[in-house]
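Trainee: One structure, pasted below without further comment.
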Amino acid sequence: MPLRAQGKIIGVVQLLNPVGRDRFTAGDLWRMRQFASILAPALQNARLWTAQRRQFFDMATALAEALEKRDPYTGGHVRRVVAYSVLLGRQMGLSREELRDLRLAATLHDVGKIITPDHILGKPSPLEPDETERMRRHAADGAAIVSHLANPWVLHGVRSHHERVDGKGYPDGLTDPEIPLAARIIAVADTYDAMTTSRPYRAGLPHERATAEILGGAGTQFCPRVVAAFRALAGSGRFSLEIAEEAVRATADVTPQV
């Protein structure tokens with residue numbers, strides 16, 4: 001039975017093997033036509049929603065990567081943080097929908113840097129105390145930018161990804177029970193990538209050294225649950241960019257099939 005929407009066939013429904021008889025009847029055909037007339041618009045809307053959602057992700061990624069180009073020393077940072085965050089979230093058992101929200105939060109986690117002055121963002125040497133304070137404002141600035149999305153995962157991931165479980169983070173000095181899960185996950189992914197990326201004034205750490213730093217920060221800088229997921233991945237050799245990017249692809253929206 002063809003599924004028609006706006007004059008086009010967008011799929012089919014196929015029935016096989018009627019139970020208790022050897023063929024379908026005219027009544028079966030009539031019922032399937034009624035069912036198809038209801039199903040076709042729903043399927044078309046689902047496909048349009050999926051396409052729009054994918055386009056929104058693509059636009060958010062384009063914005064984040066364009067912003068990233070202001071700092072010549074952090075190329076690929078957004079892509080890697082997204083991948084590591086999704087990999088950690090999957091290890092922690094997040095649902096597909098939660099992983100999608102986490103992916104968007106990680107994509108936009110540094111969007112507030114669009115307001116950070118160029119001379120601070122691209123400075124090829126360690127920041128002065130007043131410059132550090134200005135840089136730290138990107139978390140709150142980013143939260144203000146994404147607040148209209150009405151997505152708590154995105155809002156909390158952007159605002160709180162520099163919080164620490166011991167209360168020494170920023171911008172709000174939150175402690176362990178107050179830090180949202182998205183922010184806890186992004187914090188580990190963001191820090192790992194920052195440590196392993198070279199800057200003009202320091203070389204990036206090797207994986208083994210960065211891993212030791214993450215594990216050592218459990219319960220002070222980082223959430224122990226997230227560190228446990230990181231430990232499981234790193235210990236089995238699965239905390240790699242290749243595996244992480246495959247996890248991102250697995251969370252992508254799939255067009256519904258009939």
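The values are calculated or read from the model by the stated rules, or taken from the named source; none is laboratory data. In this text the structure is predicted, and so the values were computed from the model without any measurement. Virtual Cβ from ideal backbone geometry, glycine too; neighbours counted across all protein chains shown.
Trainee: When you go through A36, A60 one by one, which is the residue that is touching a residue at least 12 places away in the same chain (Cβ under 8 Å), surrounded by 11 or more Cβ atoms within 10 Å (Cβ to Cβ) and under 23 Å from V154 (Cα atoms)?
Mentor: A60
Trainee: For V86, indicate whether it is touching a His at 6+ places or on another chain (Cβ under 8 Å), more than 30 Å from K8 (Cα to Cα) and crowded, with 16+ Cβ neighbours inside 10 Å.
Mentor: On the way: touching a His at 6+ places or on another chain (Cβ under 8 Å): no; more than 30 Å from K8 (Cα to Cα): yes; crowded, with 16+ Cβ neighbours inside 10 Å: yes.
Spelling it out, it is not the case that V86 is touching a His at 6+ places or on another chain (Cβ under 8 Å), more than 30 Å from K8 (Cα to Cα) and crowded, with 16+ Cβ neighbours inside 10 Å.
Trainee: Answer with yes or no whether A150 is in contact (Cβ under 8 Å) with a residue 12 or more places away in the chain and not aromatic (F, W, Y). Please lay out each step first, then the result.
Mentor: Values: in contact (Cβ under 8 Å) with a residue 12 or more places away in the chain: no; not aromatic (F, W, Y): yes.
No: the conditions fail for A150.
Trainee: Can you tell me which residue is nearest to the chain's Cα centre (by Cα) among those in the range 193-202 that are farther than 17 Å from S85 by Cα and in a loop (DSSP other than H, G, I, E, B)?
Mentor: That would be S198.
Trainee: Return the residues of the range 174-189 that are among the charged types (D, E, K, R) and surrounded by fewer than 23 Cβ atoms within 10 Å (Cβ to Cβ); say none if nothing qualifies. Talk me through it step by step, then tell me what you get.
Mentor: Initially, the range 174-189 is screened for residues among the charged types (D, E, K, R), giving 176, 178, 184.
Once the filter is applied, which keeps residues that are among the charged types (D, E, K, R) and surrounded by fewer than 23 Cβ atoms within 10 Å (Cβ to Cβ), the range 174-189 yields D176, E178.
Okay, residues lined up against (1) outside any helix (DSSP H, G or I); (2) under 20 Å from P126 (Cβ atoms); (3) modelled with pLDDT under 95:
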{"position": "E163", "(1), (2), (3)": "yes, no, no"}
{"position": "Y170", "(1), (2), (3)": "yes, yes, no"}
{"position": "A182", "(1), (2), (3)": "no, no, no"}
{"position": "T191", "(1), (2), (3)": "no, yes, no"}
{"position": "G204", "(1), (2), (3)": "yes, yes, yes"}
{"position": "A210", "(1), (2), (3)": "no, yes, no"}
{"position": "I214", "(1), (2), (3)": "no, no, no"}
{"position": "R231", "(1), (2), (3)": "no, no, no"}
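Trainee: Sort through Q44, Q52 and tell me the only one that's exposed (fewer than 15 other Cβ atoms within 10 Å of the Cβ), among the polar types (S, T, N, Q), assigned to a helix (DSSP H, G or I) and not assigned by TED's automatic domain parsing to the domain that holds A144.
Mentor: Values: Q44 fails: exposed (fewer than 15 other Cβ atoms within 10 Å of the Cβ).
Unique residue meeting the criteria: Q52.
Trainee: Still on this model: Examine the range 237-248 for a residue that is surrounded by fewer than 18 Cβ atoms within 10 Å (Cβ to Cβ), at pLDDT 95 or above, closer than 26 Å to S125 by Cα and not small (G, A, S), and state whether such a residue exists.
Mentor: No: the range 237-248 contains no residue that is surrounded by fewer than 18 Cβ atoms within 10 Å (Cβ to Cβ), at pLDDT 95 or above, closer than 26 Å to S125 by Cα and not small (G, A, S).
Trainee: Related question: If we scan the range 186-202, do we find a residue that is charged (D, E, K, R), touching a residue at least 24 places away in the same chain (Cβ under 8 Å) and closer than 20 Å to G89 by Cβ?
Mentor: Looking for residues that are charged (D, E, K, R), touching a residue at least 24 places away in the same chain (Cβ under 8 Å) and closer than 20 Å to G89 by Cβ, one finds at least one in the range 186-202, hence yes.
Trainee: Return the pair list, or none, for Cβ contacts closer than 8 Å from residues in the range 111-125 that are loosely packed, with under 12 Cβ neighbours inside 10 Å to residues that are at pLDDT below 90, at least 6 apart or on different chains.
Mentor: Pairs that qualify, where the first residue is loosely packed, with under 12 Cβ neighbours inside 10 Å and the partner is at pLDDT below 90, are D118/R70; P124/Y73; P124/R199; P124/P200; P124/Y201; S125/P200; S125/Y201.
Trainee: Still on this structure, please answer the following. Six or more apart or on different chains, Cβ under 6 Å: which pairs go from a residue in the range 3-31 that's more than 21 Å from P41 (Cα to Cα) and assigned by TED's automatic domain parsing to the domain that holds A42 to one that's surrounded by 13 or more Cβ atoms within 10 Å (Cβ to Cβ) and of a type outside the set (V, I, T)? Could you list them?
Mentor: Sorted first by the residue in the range 3-31, then by its partner, the pairs are P18/F24.
Trainee: Another question, if that's okay. Residue by residue through the range 40-50, note down the ones that are among the aliphatic types (A, V, I, L, M) and under 10 Å from G11 (Cα atoms).
Mentor: A40, L43
Trainee: I'd like to verify a number: residues in the range 221-250 that are more than 19 Å from the chain's Cα centre (by Cα) and either under 19 Å from L99 (Cα atoms) or not polar (S, T, N, Q) (or both), how many?
Mentor: Here is the first cut: in the range 221-250, the ones more than 19 Å from the chain's Cα centre (by Cα) are 221, 224, 228, 231-232, 234-237.
Add one more test, that the residue is either under 19 Å from L99 (Cα atoms) or not polar (S, T, N, Q) (or both), and what stays is 224, 228, 231-232, 234-235, 237.
Going through the range 221-250 one residue at a time, the tally reaches 7.
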